[in-house]
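Colleague: Got a structure for you, written out below as structure tokens; questions coming shortly.
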Amino acid sequence: MHAEPIKPFPAGYSDIVKATQEAGFSMASDPVTCRLLSALAASKRTGHFLELGTGTGLATAWLLAGMDADSTLVSLDNDSACLSIAQRYLGGDSRLQLIETDGGEWLQTAAPQTFDYIFADTWPGKYLFLDETLALLKPGGFYLIDDMHPQPTGLPGTIKKHRICWPNWKHDKT
């Protein structure tokens with residue numbers, strides 16, 4: 001087995017961090033979470049990945065770092081200013097498709113696409129349109145969510161820590 005050395009941060013990460021700070025974007029995933037995202041991505045060889053909530057691309061950079069050359073990542077965000085940062089630093093990666101769209105609208109029309117790995121880091125995909133999101137997950141795929149802090153709307157089921165849902169997790173509609 002050929003193991004690649006673990007890099008401290010993905011290429012260009014510090015540039016994305018600087019641009020993120022300059023833009024005043026404060027909802028980025030932390031490096032500990034991102035390392036986990038990257039490690040799990042490495043387990044899905046030739047995988048088809050979905051990221052809901054690109055933000056400025058910090059987590060996106062980690063996902064790409066964990067993916068092999070034959071994997072693909074579709075990443076969505078509705079904020080053009082944030083997405084432009086991701087495009088500037090990550091847009092040259094042929095495995096990545098960045099889409100500016102409303103996540104809920106996209107999720108309602110995404111089938112019959114399916115994904116080996118879904119990272120939901122925005123309202124659509126973790127609080128809204130959960131059934132549509134989970135319907136896109138292949139059997140044995142990973143569904144991961146971040147930023148499960150209490151929300152101002154008081155949505156039920158929000159917790160103050162990160163939650164990871166492993167393969168074969170079933171969403172209970174009740």
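The values are calculated or read from the model by the stated rules, or taken from the named source; none is laboratory data. A quick note: this is a predicted structure, and the numbers were derived from the prediction, not measured. We place every Cβ from the backbone using ideal geometry, glycine too, and count neighbours over all the protein chains shown.
Colleague: Going through region 67-76 one residue at a time, which ones are closer than 22 Å to Pro31 by Cβ and either at pLDDT below 95 or assigned to a loop (DSSP other than H, G, I, E, B) (or both)? Show your work before the answer.
Modeller: If we filter region 67-76 for residues that are closer than 22 Å to Pro31 by Cβ, which is where we start, we get 67-68, 71, 73, 75.
Within region 67-76, Met67, Asp68, Ser71 meet the criteria.
Colleague: In addition: Restricting attention to region 22-34, report how many residues are aliphatic (A, V, I, L, M) and either outside any loop (DSSP other than H, G, I, E, B) or on the phi > 0 side of the Ramachandran plot (or both).
Modeller: Adding up the residues that qualify gives 2.
Colleague: Specify which of the listed residues (Leu37, Leu50, Leu63) is of a type outside the set (Phe, Trp, Tyr), crowded, with 21+ Cβ neighbours inside 10 Å and not in a helix (DSSP H, G or I).
Modeller: Leu50
Colleague: Answer with yes or no whether Arg35 is without any contact (Cβ under 8 Å) to a residue 60 or more places away in the chain, over 19 Å from Asp146 (Cα atoms) and not β-branched (Val, Ile, Thr).
Modeller: Values: without any contact (Cβ under 8 Å) to a residue 60 or more places away in the chain: yes; over 19 Å from Asp146 (Cα atoms): no; not β-branched (Val, Ile, Thr): yes.
For Arg35, the condition - without any contact (Cβ under 8 Å) to a residue 60 or more places away in the chain, over 19 Å from Asp146 (Cα atoms) and not β-branched (Val, Ile, Thr) - is not met.
Colleague: Now for a different question. If I filter region 1-15 down to residues being at pLDDT below 85 and outside any loop (DSSP other than H, G, I, E, B), which single residue comes out as surrounded by the fewest Cβ atoms within 10 Å (Cβ to Cβ)?
Modeller: Only one residue fits best here, namely Ser14.
Colleague: Of everything in region 109-142 that's touching a residue at least 12 places away in the same chain (Cβ under 8 Å) and part of a helix (DSSP H, G or I), which residue is surrounded by the most Cβ atoms within 10 Å (Cβ to Cβ)?
Modeller: Start the filter on region 109-142 by keeping residues that are touching a residue at least 12 places away in the same chain (Cβ under 8 Å), which leaves 110-111, 113-142.
Retained after the next criterion (residues that are part of a helix (DSSP H, G or I)): 130-135.
On the way: Leu130: 18, Asp131: 9, Glu132: 17, Thr133: 24, Leu134: 17, Ala135: 14.
The residue in question is Thr133.
Colleague: Residue by residue through region 76-102, note down the ones that are free of Cβ contacts under 8 Å to residues at least 12 places away in the same chain and hydroxyl-bearing (Ser, Thr, Tyr).
Modeller: Ser84, Ser94, listed by residue number.
Colleague: Only residues that are among the basic types (Lys, Arg) and either more than 15 Å from Leu63 (Cβ to Cβ) or out of contact with any strand residue (DSSP E or B) (no Cβ under 6 Å at 6 or more places or on another chain) (or both): list them for region 75-120, please.
Modeller: Narrowing region 75-120 to residues among the basic types (Lys, Arg): 88, 95.
Scanning region 75-120 gives a single hit, Arg88.
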